[in-house]
Each structure stands twice: as C-alpha cells, then as structure tokens.
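**Student:** Structure provided below as structure tokens; questions to follow.
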Amino acid sequence: METVPVTIGPPPDPSLEDLVYRIGPYDRLQVEVFGVEEMSSTGRVNFQGFYTMPLVGSISLNGLTTDEAEAEIERVLGSRYLRNPSVTVYVEDTANMNITLSGKMNGSRQITGRTTLGQVLAASGGVPPVGKKRQVVIFRATDETRQTANPSLHAYVVDYQAILEGKLRDPLLVGNDRVYVPPSALAIFFDPWLGVFKTYTPVEIDKPTIF
C-alpha cells in the first residue's frame with residue numbers, strides 16, 4: 001500500500017514561473033564564452049547539479065534558468081579569470097522535462113511548453129480499455145521540494161473521462177510529473193480525514209463449492 005497526500009481533482013495549472021525551464025541534473029549544456037574558445041564546452045550537469053568547465057572547474061547551476069546560469073558563470077569568470085566575460089548557455093538535451101507513464105500505460109514522454117494531461121495520454125495511444133479513466137493519478141513534486149534530490153509528492157486523482165466529455169479542465173503538466181493509469185481492478189480510496197491516497201488490489205475469494 002502507498003500513502004501520499006491527495007487532492008480529488010486536477011492540480012492547479014503551473015504559473016508562468018513554473019513553466020520557465022530550470023537546469024537540473026543530467027541536462028546536456030552547451031556553454032560558449034565569447035572570444036575564449038578554450039573555456040567553451042559541452043557536457044552534462046552531474047547528479048548534484050554541478051557543471052564542469054575547462055580551466056574553471058565545477059559551477060553549481062541546479063535550478064537556474066539559462067539567463068541565471070549565464071550570469072552565474074559570468075560572475076565566476078569575472079572574479080577569477082576574465083574581465084567583462086560574455087557567456088551564452090544552451091540546453092541541448094533536457095533530462096527534467098519528461099513525463100513518466102505507469103500502470104496500464106508505460107513509457108516516458110518529453111514535454112515542451114504548455115502540455116496537458118489529455119495531450120500526453122492521446123499521444124501515447126489513449127487509455128486502454130483495461131485502464132481506469134475515472135481515476136487517473138498525477139503525482140507531482142511539491143513546490144518546496146521540487147529542486148531537491150528526493151522531492152515529496154502530492155497525488156491528484158483526475159477523472160479523465162470527464163475531461164474527454166468536456167466537463168473537467170484538462171490540467172497542464174510540468175516536468176517530472178508521474179501519470180499513473182490504474183487497472184480497472186485496482187481500488188483507489190481517499191481518506192478525507194487523513195488526506196491520504198491509498199491503493200490496493202482486491203483479492204478475489206473463491207466461492208464455496210456446494211455438494
């Protein structure tokens with residue numbers, strides 16, 4: 001059994017600030033230092049959020065936008081190596097804008113911009129007949145822990161069938177959301193007193209044989 005805080009209904013749409021991409025572990029970056037080719041590089045951010053530059057060493061870029069990363073690298077270069085450095089940072093490959101599908105739908109999809117739950121499920125072939133459309137679960141990291149190594153999760157139980165019928169808002173997804181499509185045999189319960197999400201698979205009891 002798994003228990004996490006839960007809300008019945010779609011999550012709030014992310015703010016514009018939430019939709020701005022922030023650099024995270026395993027992103028592949030291209031860093032160009034204008035006029036100093038030996039300091040320009042391409043590589044991946046490590047699991048702790050540090051990017052290693054030639055002749056400079058490791059710089060923490062975790063949770064920064066590209067503009068903020070450029071300013072931070074310029075600050076480091078200006079304090080030690082160069083006068084008035086000019087830096088450009090590109091994200092070549094994002095590791096933190098993926099949506100993971102589990103349950104009766106499996107796989108991972110990269111999202112860009114404003115992508116909704118309905119768009120992701122439709123692009124993945126739609127919820128199969130054995131999936132539970134009325135109780136699709138979005139697991140999302142809380143705002144306070146999103147940039148940490150082990151974020152706390154909040155579950156949102158969404159009636160996807162109501163979205164298809166135009167009766168419910170189709171929520172926007174954010175990077176690292178986990179979308180769980182339970183099998184129709186899985187029971188999902190919400191305890192309003194505890195505010196927790198619980199799942200379990202019912203056990204079928206054999207009917208007694210009458211002789």
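**Student:** With the requirement that a residue be out of contact with any Ser or Thr (no Cβ under 9 Å at 6 or more places or on another chain), under 18 Å from Asp18 (Cβ atoms) and surrounded by fewer than 17 Cβ atoms within 10 Å (Cβ to Cβ), what does region 94-133 give you?
**Tutor:** Residues satisfying the conditions are Gly113, Arg114, Gln119.
**Student:** Continuing with the same structure: Of the residues that make up region 79-96, is at least one in contact (Cβ under 8 Å) with a residue 24 or more places away in the chain and under 26 Å from Ser184 (Cβ atoms)?
**Tutor:** If we filter region 79-96 for residues that are in contact (Cβ under 8 Å) with a residue 24 or more places away in the chain, which is where we start, we get 80-82, 85-96.
Filter again for under 26 Å from Ser184 (Cβ atoms), leaving none.
The answer is no, given that none of the residues of region 79-96 is in contact (Cβ under 8 Å) with a residue 24 or more places away in the chain and under 26 Å from Ser184 (Cβ atoms).
**Student:** Select from region 117-147 the residues that are in a loop (DSSP other than H, G, I, E, B) and over 13 Å from the mean Cα position of the chain (by Cα) and list them in ascending order. Talk me through it step by step, then tell me what you get.
**Tutor:** Going residue by residue through region 117-147, those that are in a loop (DSSP other than H, G, I, E, B) are 124-130, 132, 142-147.
Result: Ser124, Gly125, Gly126, Val127, Pro128, Pro129, Val130, Lys132, Glu144.
**Student:** Okay, moving on. In region 155-181, what count of residues is obtained for those that are under 23 Å from Ile23 (Cα atoms) and open to solvent by less than 40 Å² (accessible area, probe 1.4 Å)? Step through it out loud before you land on a result.
**Tutor:** Our first condition is that a residue be under 23 Å from Ile23 (Cα atoms); within region 155-181, this holds for 172-179.
Then keep just the ones that are open to solvent by less than 40 Å² (accessible area, probe 1.4 Å); that gives 172-175, 177, 179.
Matching residues across region 155-181 total 6.
**Student:** Look at Ala141 and say whether it is within 27 Å of Thr65 (Cα to Cα) and open to solvent by less than 50 Å² (accessible area, probe 1.4 Å). Reasoning before the result, please.
**Tutor:** Working: within 27 Å of Thr65 (Cα to Cα): yes; open to solvent by less than 50 Å² (accessible area, probe 1.4 Å): yes.
Judged against the criteria, Ala141 is a match.
**Student:** Pairs only if they're at least six apart or on different chains, beta carbon under 6 angstrom, first in region 41-53 and among the small types (Gly, Ala, Ser), second open to solvent by 20 Å² or more (accessible area, probe 1.4 Å) and not in a strand (DSSP E or B); list them, first residue then second.
**Tutor:** Qualifying pairs under 6 Å: Ser41/Pro54; Gly49/Pro25; Gly49/Asn62.
**Student:** Right, another one. Tell me which strands (runs of 3 or more DSSP E) are completely within region 1-101 and hold 1 or more residues being of a type in the set (Lys, Arg), or say none if there are none.
**Tutor:** Numbers: elements: 4-8, 28-33, 41-44, 50-53, 57-60, 87-93.
Of the strands (runs of 3 or more DSSP E) lying wholly inside region 1-101, those with at least 1 residues that are of a type in the set (Lys, Arg) span 28-33, 41-44.
The values are calculated or read from the model by the stated rules, or taken from the named source; none is laboratory data. Just so it is clear, the model here is predicted, and its values are computed rather than measured. When we count neighbours, we look across all protein chains shown, and the Cβ atoms used for this are built from the backbone with ideal geometry, even at glycine. Calculation scope for accessible area: heavy atoms of the full protein, side chains included, ligands and nucleic acids excluded. Shrake-Rupley method; radii C 1.70, N 1.55, O 1.52, S 1.80 Å.
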